[in-house]
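Encoded as C-alpha cells, the structure appears first; notes follow it.
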Amino acid sequence: MAYVDGFVVPVPKKNLKAYRALAMKTAKIWREHGALEIHECVADDVKPGKWTSFPQSVKLKPDEVVVFAWILYKSRAQRDRVNAKVMKDPRLAKMAEGKMEMPFDAKRMIYGGFKSMVSVSA
C-alpha cells in the first residue's frame with residue numbers, strides 16, 4: 001500500500017519564490033532517488049478555525065502563508081530507503097546537517113509519515 005510523508009509549513013510571503021526554488025530542487029532529488037510524486041501547495045482558502053486549523057497549527061504570523069506538501073512512495077520500506085539516500089545526497093548536505101538557511105521557520109513545520117487508507121483516482 002502507498003505511503004505518504006506530509007508537511008505543513010509556515011512560509012513568509014516574501015520568501016515564497018525562494019521556497020519554490022528550494023522545493024523544485026529537492027523534489028528533483030527525491031524523484032531521482034525513487035519518490036513517486038511530490039506536491040507543494042500554497043494556501044488559498046485556509047482560515048483560522050474555532051479550535052484548530054492549518055494557520056493555528058503552525059502559529060502562522062500575518063506576513064506568512066501555509067504551504068501543504070506531500071511526497072508519495074510505493075511503501076513505508078521504499079520511503080525509508082529513499083530518505084536514507086536523500087539524506088546522503090551531497091546536493092543536500094548542508095540542509096541535512098542543519099547548516100543551510102531555510103526560507104521558512106523549520107521549528108514550526110509539522111510533518112509525519114502516513115499509511116494509505118483510502119485511495120481513489122480518476
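Bear in mind these aren't lab numbers, they're just calculated from the coordinates by the rules spelled out. Note that the structure is predicted; figures quoted are calculated from it, not measured. Cβ: placed from backbone, ideal geometry, glycine included. Neighbour counts: every protein chain shown.
Result for the chain in a Gaussian network model with C-alpha springs under 10 Å: among TRP30, TRP51, TRP70, the largest mean-square fluctuation is at TRP51.
Springs between alpha-carbon atoms under 10 Å, Gaussian network over the chain: tell me which of ALA23, ALA69, ALA77 tops the mean-square fluctuations. Among ALA23, ALA69, ALA77, the largest GNM mean-square fluctuation belongs to ALA77.
For q = 0.09, 0.11, 0.18, 0.22 Å⁻¹, what log10 I(q)/I(0) does the chain give under the Debye formula with an equal point scatterer on each alpha carbon and no solvent? Debye intensities relative to I(0), on a log10 scale: -0.27, -0.40, -1.05, -1.37. Sites listed here are trypsin sites (Lys or Arg not before Pro) in the range 42-121 whose DSSP assignment is loop and whose Cβ has at most 13 other Cβ atoms within 10 Å: LYS50, LYS59, LYS99.
Would you tally the net charge around LEU36, using a Cβ to Cβ cut-off of less than 11 Å, leaving LEU36 out, and scoring K and R as +1, D and E as -1? Charge balance near LEU36 sits at +2. Three principal axis extents of the range 50-95 based on alpha-carbon atoms, in descending order, are 40, 27, 11 Å.
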